[in-house]
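Trainee: One structure, as structure tokens, below. Some questions next.
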Amino acid sequence: MPGPLGIEADIIARIKDALTWPGTVASSAAIGALDIEVAGLALPLVMVSPGGAQVTDQSRNADHVIERQDWTIAILDRQRPDREALTMDFALLDSFILGIIGALTGWQPAQGLRPLRYQSRDPQSLSDGYVEVTLRFTTDFHLSAQE
């Protein structure tokens with residue numbers, strides 16, 4: 001069984017398998033402070049990131065703990081405005097959002113974890129010609145002192 005962060009590569013692979021488009025799916029830790037344009041990363045860019053975790057249950061002697069883990073999936077793309085209608089074209093982002101939610105919701109990444117649950121979508125963020133949407137998922141991880 002992988003450790004609490006060990007499922008990141010599995011989440012990335014699952015998203016890559018689910019979506020058929022010329023983009024980049026990567027760990028946010030691997031992307032780090034790279035300049036997207038200079039690095040030549042294909043957009044849209046999907047970044048997988050482990051979030052925080054909270055203990056939701058533990059045995060009396062603390063040899064067994066259930067940890068609720070948060071995972072964020074950020075989708076970054078160029079803004080695609082319709083300058084005539086003064087609206088944004090969200091068709092591509094919508095397809096990513098629906099594809100990622102469909103691929104991850106109810107999927108069990110490893111034994112010892114509960115299936116991923118879709119929790120929320122943050123408001124879109126706009127900056128420097130880019131739009132970003134963040135999806136939030138959770139899973140429960142069972143930690144045992146005997147393992």
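Trainee: With Cβ to Cβ distances under 15 Å as the rule, what net charge do the other residues near D10 carry (K, R +1; D, E -1)?
Mentor: Working: positive: R14, K16, R114; negative: E8, D17.
With Lys, Arg at +1 and Asp, Glu at -1, the neighbours total +1.
Trainee: Tell me, what is the FRET efficiency for T20 and H142 to the nearest 0.05, using R0 = 25 angstrom and their Cβ-Cβ distance as r?
Mentor: On the way: r = 34 Å, r/R0 = 1.36.
Given R0 = 25 Å and the Cβ-Cβ separation, E is 0.15.
Trainee: May I ask you to work out the translational diffusion coefficient for the chain at 25 °C, viscosity 0.890 mPa s, via Stokes-Einstein with Rh from the Kirkwood sum over Cα pairs, reported in whole µm²/s?
Mentor: Working: Rh = 16.6 Å.
Stokes-Einstein gives a translational diffusion coefficient of 148 µm²/s.
Trainee: Give me the net charge of L104's neighbourhood, meaning all other residues with Cβ under 14 Å from the Cβ of L104; Lys, Arg count +1, Asp, Glu -1. Walk me through the intermediate numbers first.
Mentor: Details: positive: R14, K16, R114, R117, R121, R136; negative: E8, D10, D17, D70.
Net charge around L104: +2.
Trainee: Where does helix 91-104 land angle-wise versus the long Cα axis of the chain, in degrees 0 to 90, nearest 10?
Mentor: 10
Trainee: Round to the nearest 0.05 the FRET efficiency obtained for T105 and L5 when R0 = 22 Å and r is the Cβ-Cβ distance. All intermediate terms of the calculation are to be shown ahead of the outcome.
Mentor: Details: r = 21 Å, r/R0 = 0.93.
Working from the Cβ atoms, E equals 0.60.
Trainee: Roughly what angle does helix 8-18 make with the longest principal axis of the chain, taking Cα atoms, 0 to 90 degrees, to the nearest 10?
Mentor: For helix 8-18, the angle is close to 50 degrees.
Trainee: What is the distance, in nm, between label points placed 7 Å from the Cα along the Cα-to-Cβ direction at A30 and at Q79?
Mentor: With each label point 7 Å from Cα toward Cβ, the separation is 3.0 nm.
Trainee: Further question on the same structure: Rounded to whole Hz and in sequence order, give me ³J(HN,Hα) for segment 47-55 from the Karplus expression 6.51 cos²θ - 1.76 cosθ + 1.60, θ = phi - 60°, writing x for Gly and Pro.
Mentor: Result, ordered by residue: 10, 9, 9, x, x, x, 8, 10, 6 Hz.
Trainee: Taking the Cα centre of the chain as origin, sum charge times position over the Cβ atoms of Lys and Arg (+1) and Asp and Glu (-1), and report the length of that vector in debye to the nearest 20. All intermediate terms of the calculation are to be shown ahead of the outcome.
Mentor: Values: 11 positive and 19 negative charges, 61 e Å.
Dipole magnitude for the chain comes out near 300 debye.
Trainee: On the protein heavy atoms, probe 1.4 angstrom, tell me the percent of accessible surface of the chain carried by carbon and sulfur.
Mentor: Details: 4190 of 8240 Å².
About 51 percent, which is the carbon plus sulfur part of the accessible surface.
Trainee: Counting only heavy atoms of protein chains, what accessible area per residue, in Å², does segment 62-130 have with a probe of 1.4 Å?
Mentor: On the way: 4000 Å² over 69 residues.
Result: 58 Å² of accessible area for each residue.
Trainee: So what is the 222 nm mean residue ellipticity for the chain from helices alone, if each DSSP H run of at least 4 adds -39500 (n - 2.57) and you divide by all residues, rounding to the nearest 500 deg cm²/dmol? Don't jump to the answer; show the numbers that get you there.
Mentor: Working: 4 runs with 33 residues, N = 147.
Result for the chain: -6000 deg cm²/dmol, rounded to the nearest 500.
Trainee: Sequence-distant or interchain residues sharing an amide H contact under 5 Å with Y130, placed H: which?
Mentor: Q79
The values are calculated or read from the model by the stated rules, or taken from the named source; none is laboratory data. Source: prediction; values computed, not measured. With ideal geometry, Cβ positions are generated from the backbone for all residues, glycine too; neighbour counts draw on all protein chains shown. Only protein heavy atoms, including side chains, enter the accessible area calculation; ligands, DNA and RNA are left aside. Shrake-Rupley method; radii C 1.70, N 1.55, O 1.52, S 1.80 Å.
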